[in-house]
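The values are calculated or read from the model by the stated rules, or taken from the named source; none is laboratory data. Everything numeric in this text was worked out from a predicted model, so none of it was measured. Using ideal geometry, Cβ is built from the backbone for each residue, glycine included, and neighbour counts are taken over all protein chains shown. Protein only, heavy atoms only, side chains kept; ligands, DNA and RNA dropped before computing areas. Shrake-Rupley method; radii C 1.70, N 1.55, O 1.52, S 1.80 Å.
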Amino acid sequence: MNLIIFGPPGAGKGTQSSFLVNDLKMFQLSTGDLLRAELKSGSDLSKQLKEIMDSGKLVSDDIINALIEKKISDPSVKNNIIFDGFPRNLEQAKSLDKMLEKYEQKISCIINLKVDYSILVKRISGRVSCSICKKPFNEFFDPPVDPSKCSNSSCGNRELIKRSDDNETTVSNRLKTYDEQTLPILDYYSSKGIVKDIDAMKEISEVTAQIKGVINDL
Ligand code: AP5
């Protein structure tokens, strides 16, 4: 089973992917995390990426599709992938279908996290994430036990960091990009009958319970 976890910035895609990884042993393919790993390398590409990501725009489809194909072609994760933050425009959605067909796979379901935009700035401005395991916490809604350390002992309680694109100006640009380029993809998947709506305004555990229900019915 391959899933797409879909929703605007701050909807909870990364948060809910954690349980799919831990409980269902799925492989999380987050294009945002892959790009942030590239940023750390200090390469020429990383400087271009930082500028684009800090402006809230999308990185080019060529770069993203190359990152994705590298993972889809890996037999160890075949039919066990959660796509988090991808696809983000119609072009990427169509490329994904072609790549999956090439490697004899398909998407079973789009988990569509529905949230009111009014809550997103608070979710994003309160977000801190583990520098090692990437687990997101929230200063307002889901605080770590110790405010300076990850609560997950298996990663060694590492330091928590804030993302450079988690500021008010970039967030409003990211939402604009989402509305203009990403949201229209839902029509593409709705026509295939594989979109499942989730009320992501509820508490984290309640959102998880809804997703579990959807997966059990697949
Ligand atoms: P990316 O890293 O994908 O960011 P995003 O889509 O903007 O999503 P976020 O990571 O901000 O939010 P999330 O939904 O994962 O929320 P989270 O679970 O952390 O992309 C960053 C940039 O990279 C893009 O702007 C673009 O430039 C580039 N990029 C990435 N992919 C690309 C692609 N395919 N093509 C081109 N460019 C690409 O939760 C947020 C906070 O809320 C956390 O603090 C969490 O604790 C809290 N929270 C979560 N759920 C709840 C809840 N139910 N109640 C209360 N608090 C909650």
Exercise. Pick out the one residue from LYS114, LYS192 that is loosely packed, with under 15 Cβ neighbours inside 10 Å, touching a strand residue (DSSP E or B) at 6+ places or on another chain (Cβ under 7 Å) and within 19 Å of PRO87 (Cα to Cα).
Key: LYS114
Quiz item: Out of all the residues in segment 72-89, which are under 17 Å from the mean Cα position of the chain (by Cα) and either among the small types (Gly, Ala, Ser) or open to solvent by 70 Å² or more (accessible area, probe 1.4 Å) (or both)?
Solution: GLY85, ARG88
Quiz item: So, in segment 1-16, of the ones that are open to solvent by less than 20 Å² (accessible area, probe 1.4 Å) and either touching a Cys at 6+ places or on another chain (Cβ under 7 Å) or not in a loop (DSSP other than H, G, I, E, B) (or both), which residue ends up farthest from the ligand (Cβ to nearest atom)?
Solution: LEU3
Quiz item: Checking VAL121 against (1) surrounded by 13 or more Cβ atoms within 10 Å (Cβ to Cβ); (2) at pLDDT 95 or above, which test does it fail?
Solution: (2)
Quiz item: Counting only residues that are more than 12 Å from the ligand (Cβ to nearest atom), open to solvent by less than 60 Å² (accessible area, probe 1.4 Å) and touching a residue at least 24 places away in the same chain (Cβ under 8 Å), which one in segment 126-157 is farthest from the chain's Cα centre (by Cα)?
Solution: GLY156
Quiz item: When both residues are 6+ apart or on different chains and their Cβ atoms are under 6 Å apart, which pairs have a first residue that lies in segment 81-107 and is in a helix (DSSP H, G or I), and a second that is more than 13 Å from the ligand (Cβ to nearest atom) and open to solvent by 60 Å² or more (accessible area, probe 1.4 Å)?
Solution: LEU100/LYS106
Quiz item: When you go through LEU160, LEU120 one by one, which is the residue that is hydrophobic (A, V, I, L, M, F, W, C) and under 15 Å from the mean Cα position of the chain (by Cα)?
Solution: LEU120
Quiz item: Filter segment 17-62 for residues that are among the aliphatic types (A, V, I, L, M), within 10 Å of the ligand (Cβ to nearest atom) and without any contact (Cβ under 8 Å) to a residue 24 or more places away in the chain; which is least open to solvent (accessible area, probe 1.4 Å)?
Solution: LEU49
Quiz item: What about ILE82, is it at pLDDT 95 or above, near the ligand (Cβ under 8 Å from one of its atoms) and either out of contact with any Asp or Glu (no Cβ under 9 Å at 6 or more places or on another chain) or basic (Lys, Arg) (or both)?
Solution: no
